[in-house]
1. In Å², what does the accessible area per residue of the chain work out to with a 1.4 Å probe?
2. Using a probe of 1.4 angstrom, how much of the accessible area of the chain is carbon and sulfur, in percent?
3. Quick one: which of 67/425; 218/560; 16/560; 915/961; 913/961; 908/961 span more than 22 angstrom between C-alpha atoms?
4. Please list, in order along region 562-576, the HN-Hα scalar couplings obtained from phi with the Karplus expression 6.51 cos²θ - 1.76 cosθ + 1.60 (θ = phi - 60°), rounded to whole Hz, x for Gly and Pro.
5. Could you name the lysines in cross-link range of residue 507, using Cα to Cα under 16 Å and dropping any fewer than eight places away on the same chain?
6. For the peptides 383-392, 785-794, what is the packing order when you average, over each peptide's residues, the other Cβ atoms within 10 Å and list the highest mean first?
7. By per-residue mean of other Cβ atoms within 10 Å, what is the highest-first order of 798-810, 659-671?
8. Mind jotting down the distance between the C-alpha centroids of region 406-426 and region 12-37, whole Å?
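The values are calculated or read from the model by the stated rules, or taken from the named source; none is laboratory data. What you see is a predicted model; the values in this text were computed from it and never measured. As a convention, Cβ positions derive from the backbone with ideal geometry for all residues, glycine included, and neighbour counts pool all protein chains shown. Calculation scope for accessible area: heavy atoms of the full protein, side chains included, ligands and nucleic acids excluded. Shrake-Rupley method; radii C 1.70, N 1.55, O 1.52, S 1.80 Å.
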Amino acid sequence: MERTIELAVDNMHCGKCVANVERHYRELPGVLDAQVDLAGKAAVVRYDDAAVSVDTLLHALDDTNFKVIVMPEGGENPFLAQRLDLAIDGMHCKNCVANIEKRYRETPGVRYVRVDLDAKAGTVYFADVETNEEALLHVLDETSFTAVKMPEDGENPFLVAEDGEGKAGSDEPAAPAEVAVSDEPVEPAAPAEATIRLAIEGMHCANCAQSIESHYRKTPGVIKCAVNLANNTGQVTFDPARASVDDMLCVFDSLSFTAEIIPDDAPLVDEKRRAREAARTKRDWRVFATAAVLTVLIVCIGMLPGAHMATGSALAGLFTGGSTPTHTQAMFAANVLLMLLTVPVQFGCGARFYKGAWGSLRGGSANMDVLVALGTTIAFVFSLVITFLPVATGDWEGHGGTQINGGMPYFETCAMLITFVLLGKILEARAKGATNQAIESLMNLTPPVARVVRGGAEVEVPLAQVMAGDMVRVRPGEKMPVDGVVAEGASDVDESMLTGEALPVAKRAGDAVTGGTVNTTGALTVRALRVGTDSTLARIVRAVEDAQGSKAPVQRMADKIAAVFVPAILLIAALTFCVWFFAVSAADAGARAVQAILPAVAVICVACPCALGLATPTALMVGMGKGAQLGVLIKDGEVLERMCKLNAAVLDKTGTITRGAPRVVSCDVPADALRLAAALEAKSEHPLARAVIEYAHEQGVCDAEGTNLPAVDSFEAVVGEGVRGTVEGHEVFVGSRVAVDGRDAGGFAFCDEPKPDAACALAELASEHGVAAYMVTGDAEAPALEVARAVGIAPARVFSGVKPLEKAERVREVREREGGAGAAAGGSRGMGATASAPSPSSARAADPAARAATVAVVGDGINDAPALAAADIGVAMASGTDVALDAGQVVLMRNNLTDLVTALRLSKATMRKIKQNLFWALIYNCVMIPLAAVGILAPALAGAAMAFSSVSVVSNSLLLKRFK
């Protein structure tokens, strides 16, 4: 049954917002019509309630910045009421949000309220005849929450307080940053940054992306902007103290594109966007099919031998009263038919090019649409002149009406150009969609629903509704829906998606599990700890998406070319016309026009800025998506390009080169002191502490977990040295040596076996990629050299006894050694077995003009922060830990050194694809434009070549899927 619903819509600012809202509703299956009133902040939607629900209508704008609710029964739009923006402190969960919203809804005069947990903010719409701001500020007085009016500059005092600049929970805003108790000058705080992700509609080529970026660069407050043509998205980083989200969206007011915000908790390509793209693809195929059918008819009539005159004579005979039509009359009739068949193709199927061209020119730039629209329009207008020349001259008997090109128009050129370009765009979109398959496969690792225990009963809920603390039941064969800890049950879990290990891992109560892994044997009850965007898998997906949206420095050249591409092509086309018209002899002006116009049109139509715009982002998307599938996360394009220039890798020993499970191989500590040392080490999480506990257990000093050891007071971990504390009245210090009450009580010698793949991986780095391996460790020299020998690292490249804060200095030392003129003195580049052979890097370093070395630091991300920051590339190794995800520019999820080689190989393979794409995009234009200019390439073939050039670039990028 057809129904009508009135909705209140907030955050609309202009006509584009209206068009955006209407488009969202009209694209919904079951919606018959949607009309939006900007001034009234309202929308009226007609829909079939058998095909679409009210709930679907209310969530249709979830992926935008607009807010929508059902219009109250009284017809009073709450968004037209007074607005109060609040800063709210004391919220911890969704229940807090619900409690606050409930209290405000129950307050007389309040028309609407929404609260944002992450932003610690809320907005209340109210009728000022029933309440006022002062009353609303005291609604939460009897609760544990605190609400104050948001300052005019939009800086939330409760968010500032978290950074240590004010005191949360107070009724007063945080004190200004410059207030200080010391006389020392206070450094001004660095400007805060906010980043939004945008889904952009209407981009067709590199000029479109460059135009958007150019407009953002001119917008006050914008720090950086990157637009990705390959997946039609953008990322904008701005200073929220100088600009708002609305300012970022208003950039599109003067452009022909539309944009909507992608929420932080949503993937770049969600179900709604995928459905819209599927609908658009279906519509594009219909348009292409229409154009193709008409073009075939046009080509058959206009180009098959004898068909043009036969068709013209038959048509003209209908109007000549039975007499045989003249040659000119037959030509005119056939040309009019061709014109009538071409008009739907030119202005119907090709309308998108005119809209895009107008929008581009209105925005102060010129894109591919300008080229297509201009080239086909010139051919169409010239064909009109040829068609109606007999009417203008009145010569139906002689040859005056067919003096230009023998009366043959170029309607088939127009139709073929548009049809070929339409087909090329469809194939390009299909190929671009394939670049997102890696992300989609990662997203599909988690189930869409979860079974949650609530109120003593097991209920199935959408995954998005699972909250931290929920008890989730997972049956054998099912995927873990969330990150959490096993509360009940025991099972084997397949973690190959995360660690690469083929064998399942045994899990029991207290063990951690990760969303996306597979429960294989037993039933588990898991307490959810990280859900939604906080889950490991979601963070991996977000890291890959951010990386795919970044730009490699090599793309700057393509951006510079794209900025001047279309004006340059138009200039070349104009010069081509002038040369052919004025310099090449012809019988008359009409012949000169024919011979000049066609090459000029071919130049316009063969030029392709699309391939330039797709060369880098498509390769990055496929390469980084493939890396994620292989357990390698490269976080942006700049790092990827830097990886290709890697000269040296500084590797932490424990947990990176070795297994990270050391054992005591010798000990001269007496039993009584060993008991005190073990008690102290039981408080530490360090791997060496665990080794001491295991040794004490073997000696019969304590049980396996160290639970029967004496209590410890004043426990303190001394970074890089050991631990100290008081045990049974004794002051105990444990490092490599043990001291009791200041007296040495002996020491331990540890052994940590190298990982099985370490030696092979480091050998391949040196032999295949010319990367010198260095080892840095806090261990003594003897055990460090023993590990180095086992994996083939030369003794000259081992730094032992290094404290965490000293690792950065060692990185700088390596950079100087590998990149300076005296690098040869620091040892050769090979592994220990090939120390005498000079390597490629040594040769570079010996050259005074050699560039500075590129150094990577490889560690677990826990105590390597200074070294990771000092390195050109920070590589974090861990089995999907939170620390690793945040610490490294490159993350090796599977904790294997062979993945470092994979990361390097993948970086080089991706850069090769980028350079191949840029080469082919440039060489295509460099070859095809001259061919078109000299008249060798016909306009229709030029259009086909242009359409398929971008498809070839995307297809070349997709070959990276074969990388292993």
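1. On the way: 42740 Å² over 964 residues.
Result: 44 Å² per residue.
2. That share works out to 57 percent.
3. Where the Cα-Cα span goes over 22 Å, the pairs concerned are 67/425; 16/560.
4. Residue by residue, region 562-576 yields 4, 5, 10, 5, 5, x, 5, 5, 4, 5, 4, 5, 5, 5, 4 Hz.
5. Of all the lysines, those that pass the test against residue 507 - Cα under 16 Å, at least 8 places apart if same chain - are 479.
6. For the peptides 383-392, 785-794, the packing ranking is 785-794, 383-392.
7. Highest mean packing first, the order is 798-810, 659-671.
8. 34
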